[in-house]
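Below is one structure, written out as structure tokens; the observations come after it.
The values are calculated or read from the model by the stated rules, or taken from the named source; none is laboratory data. Being a predicted model, the structure only gives us computed values, none of them experimental. Counting neighbours? That spans all protein chains shown, and the Cβs are built from the backbone with ideal geometry, glycine included.
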Amino acid sequence: MSMELWVALPAGEVVTAAGIVTGARSLGFELDLPDAMEFDDLDGFLPSGLAGERAGAEIQIVDPLRDPDMAEAFGERAGSIARIVAFSWGGSFLEGAFAFVFAAALVAGHDGVCFDPEAGEIVSVERIVETAHGLLEAQRSTPVG
């Protein structure tokens, strides 16, 4: 099973690891990202940490001009999108929580807009945070081994 989440960002937004970590903390999450992370170069699995656990997800930065169908998913905002952050992960609750926390920090701190391709809808930051908490709770209640 694979899951996806997309965040559209407007032009002019400078995204750093420290900014994402600070944004996540303001939303109540302890996120750990590599200091040397170059946001615009993300293309693959980003090993990180969340809530003291090893976590991460596949992250790709997409140029909306190269994937207009993806950009169109954001409706009337499609024309103002400078880049799309595409998250994907397998069945791990922790990887899903990581993607949702990272997405929430982008939406809250960088004027991002989140789209859930499975549901086919724009998702509010409140719902992103709620889902992240639910995934973390599911991870904690899953027996190890």
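Observations on the model:
- One residue stands out in the stretch 39-58 among those that are surrounded by fewer than 19 Cβ atoms within 10 Å (Cβ to Cβ) and touching a Ser or Thr at 6+ places or on another chain (Cβ under 9 Å): the one that is nearest to Arg140 (Cα to Cα), namely Arg54.
- Output for the stretch 61-91, where each listed residue is of a type in the set (Gly, Ala, Ser), in contact with a Phe, Trp or Tyr (Cβ under 8 Å, 6 or more places away or on another chain) and closer than 16 Å to Leu42 by Cβ: Ala86
- Subset tally (residues that are farther than 25 Å from Ala71 by Cα, of a type outside the set (Val, Ile, Thr) and not in a helix (DSSP H, G or I)) for the stretch 106-145: 2
- In the stretch 9-20, the residue that is nearest to Leu42 (Cα to Cα) out of those that are of a type in the set (A, V, I, L, M, F, W, C) and without any contact (Cβ under 8 Å) to a residue 60 or more places away in the chain is Ala17.
- Residue list for the stretch 21-53, restricted to those being without any contact (Cβ under 8 Å) to a residue 40 or more places away in the chain, farther than 25 Å from Ile122 by Cβ and over 14 Å from the mean Cα position of the chain (by Cα): Glu30, Pro34, Asp35, Ala36, Met37, Glu38, Asp41, Gly52
- The stretch 59-84, subset closer than 16 Å to Ala103 by Cα and free of Cβ contacts under 8 Å to residues at least 60 places away in the same chain, residue nearest to the chain's Cα centre (by Cα): Ile59
- Single residue of the stretch 1-51 satisfying the filter (acidic (Asp, Glu), over 14 Å from Ile61 (Cα atoms) and in a loop (DSSP other than H, G, I, E, B)) that is modelled with the lowest pLDDT: Asp35
- Among the residues of the stretch 76-91, at least one is in contact with an Asp or Glu (Cβ under 7 Å, 6 or more places away or on another chain), of a type in the set (Phe, Trp, Tyr) and on the phi < 0 side of the Ramachandran plot.
To keep it simple, each residue is scored yes or no on (1) at pLDDT 95 or above; (2) farther than 17 Å from Leu31 by Cα.
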| site | (1), (2) |
| --- | --- |
| Ser80 | no, yes |
| Glu95 | yes, no |
| Ile128 | yes, no |
| Gln139 | no, no |
| Val144 | no, yes |
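- For the stretch 94-135, the set of residues classified as of a type outside the set (A, V, I, L, M) and buried (at least 18 other Cβ atoms within 10 Å of the Cβ) consists of Glu95, Gly96, Phe98, Phe100, Phe102, Gly109, His110, Gly112, Cys114, Phe115, Asp116, Thr131, listed by residue number.
- Scoring Ala103 on the criteria (1) farther than 25 Å from Arg66 by Cβ; (2) of a type in the set (A, V, I, L, M); (3) under 10 Å from the mean Cα position of the chain (by Cα) leaves a single failure, condition (1).
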